[in-house]
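Trainee: Structure incoming, see below.
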Amino acid sequence: MPHEFQADIDAIAAIPAVPRILEVICRTTGMRFAAIARVTDERWVCCASKDDLAFGLVPGSELWLETTICEEIRGSRVGVAIDHVAENPEFRDHPTPAMYGFQSYISMPITLADGSFYGTLCSIDPHPNTLNNPTVTGMFKLFAELIAFHLDAHHKLAQAERDHARRSERFKAGLGHDMRNALAAIEAGTRLLAKTPLNERGALIVREMQASAEKLAQQVAEATKD
């Protein structure tokens, strides 16, 4: 059964750079888990991950939103970078690191062009790592912006396809209506002509018109059916 957030998972999967982004994050920082998460006011859903920790999160996996730091980032729109939880006065007593067993953590918001919050680009590891510096946070911000750019392009393309489909349906409906009216007139005319005394050539032409009208009616019905 498709996941409720399958469209988000598919949109992230459609970005060719995502696997490389997650790989670069892990190689550059020494972190062994990185993910892109869709974060709403009620849900935290993994859309892509690189998991060298056997953390167990794959596309479609979920965490309780209330147990994540991403929930706080959704509210503040400000990234978080923690080198060593045990030495961080703000997070050493925070329940999330203890629950998931990490000591280093970094997460940056992914914000779309319209200003809406999409989710986070995040990474964790049980060991301390050097994250809270301009080089690493700048890299995460750049990657988050790149992901947002691709998501915006994906959404625009999907909207354009939906708009085209709607226009096509309206065109088909209008064309079908007009064609059926024209065919009704032709069929009525040929029925009238068929009752009129005609020479052999005239009768042949009427029969050909009737056959053509019937064939066209079938084609219109086929082209405009659901």
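Trainee: Pick from segment 39-67 the residues that are hydroxyl-bearing (Ser, Thr, Tyr) and in contact with a strand residue (DSSP E or B) (Cβ under 7 Å, 6 or more places away or on another chain): which of them is surrounded by the most Cβ atoms within 10 Å (Cβ to Cβ)?
Mentor: Taking the candidates together, the pick is Ser49.
Trainee: Go through segment 110-136 residue by residue and tally those that are surrounded by fewer than 19 Cβ atoms within 10 Å (Cβ to Cβ) and touching a strand residue (DSSP E or B) at 6+ places or on another chain (Cβ under 7 Å). Walk me through how you get there before you give the answer.
Mentor: Of all residues in segment 110-136, those surrounded by fewer than 19 Cβ atoms within 10 Å (Cβ to Cβ) come to 111-117, 126-128, 130, 132-135.
Next, only the ones that are touching a strand residue (DSSP E or B) at 6+ places or on another chain (Cβ under 7 Å) stay: 111-112, 117, 127-128, 132.
The number of residues fulfilling the criteria is 6.
Trainee: Those residues that are part of a loop (DSSP other than H, G, I, E, B) and acidic (Asp, Glu), I need them from segment 1-52; list them, please.
Mentor: Answer for segment 1-52, where residues must be part of a loop (DSSP other than H, G, I, E, B) and acidic (Asp, Glu): Glu4, Asp41, Glu42, Asp52.
Trainee: So Met139 fits all but one of (1) in contact with a strand residue (DSSP E or B) (Cβ under 9 Å, 6 or more places away or on another chain); (2) under 22 Å from Glu23 (Cβ atoms); (3) not basic (Lys, Arg); what number is the exception?
Mentor: (1)
Trainee: State which residue is farthest from the chain's Cα centre (by Cα) when the search covers only segment 97-121 and only residues that are at pLDDT below 95 and not in a loop (DSSP other than H, G, I, E, B).
Mentor: Ala98
Trainee: Kindly indicate whether any position in segment 29-38 is in contact with a helix residue (DSSP H, G or I) (Cβ under 8 Å, 6 or more places away or on another chain) and surrounded by fewer than 17 Cβ atoms within 10 Å (Cβ to Cβ).
Mentor: Within segment 29-38, none of the residues are in contact with a helix residue (DSSP H, G or I) (Cβ under 8 Å, 6 or more places away or on another chain) and surrounded by fewer than 17 Cβ atoms within 10 Å (Cβ to Cβ).
The values are calculated or read from the model by the stated rules, or taken from the named source; none is laboratory data. The shown structure was predicted, so the numbers you read here are calculated from the model rather than taken from an experiment. Neighbour counts run over all protein chains shown; Cβ positions are idealised from the backbone, glycine included.
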